[in-house]
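**Student:** Structure in structure tokens, see below.
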Amino acid sequence: MSNITDLCEISPAYVRAIAPYQPGKPITELAREFGLDERSIVKLASNENPRGISPKALAAVKAALPELARYPDGFELSRALSQRLGVAMEQIVLGNGSNDVLELAGMAFLAPGCSAVYSQHAFAVYPLATQARGAQSIVVPAKNFGHDLDAMLAAIRSDTHVVFIANPNNPTGTMLAAAELEPFLERVPKNVVVVVDEAYNEYLDPALRCPSIDWVGRFPNLIVTRTFSKVYGLAGLRVGYGVCHPELAALLNRVRQPFNVNNLAIAAATAALSDDAFVRESYELNVAGMAQLCDGCKRLGIGWIPSYGNFITVEIPRAGTQQSQAGAVFQKLLRLGVIVRPLAGYAMPDHLRVTIGLADENVRFLEALEAALKA
Ligand SMILES: *Cc1c(COP(=O)(O)O)cnc(C)c1O
């Protein structure tokens, strides 16, 4: 055992320096910790779809169960995506969550001696995908909690291989308009890969969505990533995808595990993709829930960052003290059975991120927040 320290030291220093990802607290864990009834707990911490899995996707999962002895085949899902998006199948890379595709971009393009550019307060997986490769992170200060594209462009160095952009961004909920992103893509050097992470694309008002899939045809250095974890309600199955130039896709596929997406995820995602009613209802529920939470926060005198996702990031006032109160409010909410996400790890110590839930879950959060702020 005494040699375990020596053993760990043969791991590259850049691996040992990684700060582990901090997931939202699971319902089961909170129930154990405070002796709460699981059914009384409201989890608004991981931007999951509060409606759960769609009945069509669930039926597809059940139908796929007898096939579990076989290795998965992503052909049907890739074909469904290619038809839906109007791209060639060779342009699609399936991932074990879109997180996997972000990692594939890192694996294919980053190494010690290279750098990746991303924004302050951007999604936590970008630093992970960069550090795991021993590449350097260039973190560009945010502008009004969103991406400062001019500064990001200026930050690109000759050793920069990848730029990560989340649109909309998590955890701030900010959005870049096509009129901002398109000129950026035109100006980025052609030998730099740009990953545009659209995990929340389906939650955007259709009028605000970027024609990002069309851009893939114009910009061979662009990778657009999307997921089935959010509006499609399949976070626990782990499935997402990237769309890019076929040669870029071929490169990502070289570092991809051959069977990275499992049978059940493939079946569920293929069914979910065609469940337009479920997606539309989930979108509408989110619009209504966003208005409900914004109204409630206004009533409580709590500020928030205008959000384009299925979550809202609120600012907990310091209340005269010089100390951040967000951590204490987070803990009080836990005791009241409401799980949200603290953002100290995103250099936002005064903010909490709250997923838009079902109407009654949003009420529970607002009541708990009111109580936590008074206590
Ligand atoms: C949730 C999220 C993802 C993807 O998650 P997967 O479950 O791995 O598909 C990617 N990017 C952002 C910004 C997210 O918030």
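The values are calculated or read from the model by the stated rules, or taken from the named source; none is laboratory data. Note that the structure is predicted; figures quoted are calculated from it, not measured. Cβ atoms come from the backbone with ideal geometry, glycine included; neighbour counts cover every protein chain shown. The area values use the complete protein model at the heavy-atom level, side chains included, leaving out ligands, DNA and RNA. Shrake-Rupley method; radii C 1.70, N 1.55, O 1.52, S 1.80 Å.
**Student:** One quarter of the convex hull surface, Cα atoms only: what value does that give for the range 55-274 in nm²?
**Tutor:** Orientation-averaged projected area of the Cα hull: 11.5 nm².
**Student:** Additional query: With charges only on Cβ, +1 for K and R and -1 for D and E, what is the dipole size of the chain about its Cα centre, in debye, rounded to 20?
**Tutor:** Working: 33 positive and 36 negative charges, 81 e Å.
Approximately 380 debye in magnitude.
**Student:** Another question, if that's okay. Given a 1.4 Å probe and every protein chain left where it sits, what share in percent of the accessible area of the chain is carbon and sulfur? List each step's numbers first, then the result.
**Tutor:** Values: 9300 of 16930 Å².
That fraction is 55 percent.
**Student:** Oh, and also: What is the extension gain from Arg84 to Glu38, computed as 0.36 nm multiplied by their sequence separation minus the C-alpha to C-alpha distance, in nm to one decimal?
**Tutor:** Full extension from Arg84 to Glu38 adds 12.7 nm.
**Student:** So what J values fall out for the range 256-261 if you push phi through Karplus, 6.51 cos²θ - 1.76 cosθ + 1.60 with θ = phi - 60°, rounded to Hz, Gly and Pro as x?
**Tutor:** Taking θ as phi minus 60°, the curve returns 7, 4, x, 10, 6, 10 Hz for the range 256-261.
**Student:** Quick one: which residues, 5 or more positions from Gly303 or on another chain, have an amide H under 5 Å from its amide H? H modelled 1.01 Å from N in the peptide plane, none for Pro or chain starts.
**Tutor:** Residues meeting the amide H criterion: Glu315.
**Student:** Per residue of the range 126-139, what does 6.51 cos²θ - 1.76 cosθ + 1.60 with θ = phi - 60° give for ³J(HN,Hα)? Whole Hz please, x for Gly and Pro, Karplus curve as stated.
**Tutor:** So the Karplus estimates, Gly and Pro as x, are 5, x, 5, 5, 6, 5, 4, 9, x, 8, 8, 8, 10, 9 Hz.
**Student:** Could you tell me how far the Cα centroid of the range 325-375 sits from the Cα centroid of the range 9-30, in Å?
**Tutor:** What the calculation gives is 23 Å, centre to centre.
**Student:** Enumerate the amide H contacts of Cys114 below 5 Å, restricted to partners 5 or more residues apart or on another chain; note that Pro and chain-start residues carry no placed amide H.
**Tutor:** Those lying under 5 Å, H to H, from Cys114 are Gln136.
**Student:** Next up: Which values, in whole Å and largest first, are the semi-axes of the equivalent ellipsoid of the chain obtained as the square root of 5 times each eigenvalue of the Cα gyration tensor?
**Tutor:** Square roots of five times the eigenvalues give 32, 26, 23 Å.
**Student:** Same structure again: Taking the Cα centroid of the range 34-92 and of the range 239-285, what is the distance between the two, rounded to the nearest whole Å?
**Tutor:** Using only Cα atoms to place each centre, the spacing works out to 9 Å.
**Student:** Ok, one more. Quick check on my link table: of Lys143/Lys190; Lys298/Lys332; Lys25/Lys374; Lys56/Lys230; Lys143/Lys230; Lys25/Lys332, which ones sit more than 22 Å apart, alpha carbon to alpha carbon?
**Tutor:** Beyond 22 Å: Lys143/Lys190; Lys25/Lys374; Lys143/Lys230.
**Student:** Roughly how big is the range 11-107's charge dipole about its Cα centre, with Cβ charges of +1 (Lys, Arg) and -1 (Asp, Glu), in debye to the nearest 20?
**Tutor:** In debye, rounded to 20, the range 11-107 gives about 220.
**Student:** For the range 170-294, calculate the relative contact order in percent as a whole number, restricting contacts to Cα pairs under 8 Å that are 6 or more residues apart. Working shown, then result.
**Tutor:** Details: 118 pairs, mean separation 26.3, N = 125.
Once divided by the residue count of the range 170-294, the mean separation gives 21 percent.
**Student:** Let me ask something additional. About its Cα centre, what dipole magnitude does the range 55-274 give when the only charges are +1 on Lys and Arg Cβ and -1 on Asp and Glu Cβ, stated in debye to the nearest 20?
**Tutor:** 380
**Student:** Right, something else. Go through the range 224-234 residue by residue and turn each phi into a ³J(HN,Hα) via Karplus (6.51, -1.76, 1.60, θ = phi - 60°); whole Hz please, and just put x for glycine and proline.
**Tutor:** 9, 10, 9, 9, 9, 7, 9, 4, 7, x, 10
**Student:** Val163's amide H: which non-local residues (gap 5+, or another chain) put their own amide H closer than 5 Å, with H modeled 1.01 Å from N in plane and none for Pro or chain starts?
**Tutor:** Those qualifying (amide H under 5 Å, at least 5 residues apart or on another chain) are Val117, Val193, Val194, Val195.
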